[in-house]
Amino acid sequence: MAYDKFTVLKSTAVPMPIENVDTDQIIPARFLKATERKGFGDNLFRDWRYNNDNTPKKDFVLNNPLYTGKILVGGKNFGSGSSREHAAWAIYDYGFRCVVSSFFADIFKNNSINVGILPVQVSEIFLDKIFTAIEANPKNEIEINLPEQTITILSTGESESFDINGYKKNNLMNGYDDIDYLQAMKADIRSFAATSLY
């Protein structure tokens, strides 16, 4: 399933300085019944966002109109717990295109890339600088440059590089998942098959 191409993202950010955010908090298990990637954003962080009577919790960051944007900045060890793809689906469906943390669970990281979310892992020092910049002014923007593999706090000019697998980087920049990548190589595959001895 193709998704939005990711090259350079410049956006304000939503700060969530909570460590060990697991996938059951990102999307609780009771909402995993659907098999399509639609509608999960409504229940992103459901138990943290809403009271039992479905009224918004005023002290939760996603309910605070000061904080908006396509970048979610989380604490250390983001996406731990079960391997449910739905956690990444919910984040994408809500409107985030990038999650920044000082450490990601590997399965969550891969699931995110596969649906068009760029997980940017930074040092703990740089993560603190991001939180400080957002606290100083929620309108401060962050630039994520995937081709150059840099993240920059635009208000201060401070920047840091991040790592990403070359194949995954190419897919994100083209809006491909693994199937789209193979579909894009159809001509090459058919050409090879036509000349193959097998």
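The values are calculated or read from the model by the stated rules, or taken from the named source; none is laboratory data. Please read these numbers as outputs of a predicted model, since none were measured by experiment. Here Cβ is always computed from backbone atoms with ideal geometry, including for glycine, and neighbour counts include all displayed protein chains. SASA here: full protein model, heavy atoms, side chains in, ligands and nucleic acids out. Shrake-Rupley method; radii C 1.70, N 1.55, O 1.52, S 1.80 Å.
Solvent exposure of the chain amounts to 53 Å² per residue of accessible area, where only protein heavy atoms count and the probe is 1.4 Å. Sequence-distant contacts, meaning Cα pairs under 8 Å at least 6 residues apart, place the relative contact order of segment 8-194 at 23 percent.
Here mean projected area of the Cα convex hull in nm² was calculated from the structure, and among [x] 13.4; [y] 10.8; [z] 12.8 it sits at label [z]. Between residue 98 and 72, 118, the built amide H atoms are under 5 Å apart, and every one of these is 5 or more places off in sequence or on another chain. Rounded to the nearest 10 degrees, the inclination of helix 124-136 to the longest alpha-carbon principal axis of the chain is 50 degrees.
Here the accessible area of the chain is 49 percent carbon and sulfur, with a 1.4 angstrom probe and all protein chains present. Here is the list for segment 84-177: trypsin sites (Lys or Arg not before Pro) lying in DSSP coil, each with at most 16 other C-beta atoms within 10 angstrom of its C-beta, are 139.
By the rule of a C-alpha distance below 19 Å, with chain neighbours fewer than 8 residues away ignored, the lysines paired with residue 109 are 5, 70, 76, 168, 169. Using the Cβ of residue 51 as centre and a radius below 12 Å, the other residues enclosed give a net charge of +1, where K and R count +1 and D and E count -1.
Taking Cα atoms only, the orientation of helix 186-195 departs from the longest principal axis of the chain by about 30 degrees. In a fully extended conformation the segment linking residue 174 and residue 191 would gain 3.9 nm over its present Cα-Cα distance, using 0.36 nm per residue. Residue 156 sits with roughly 80 Å² accessible to a 1.4 Å probe, with DNA, RNA and ligands left out of the calculation.
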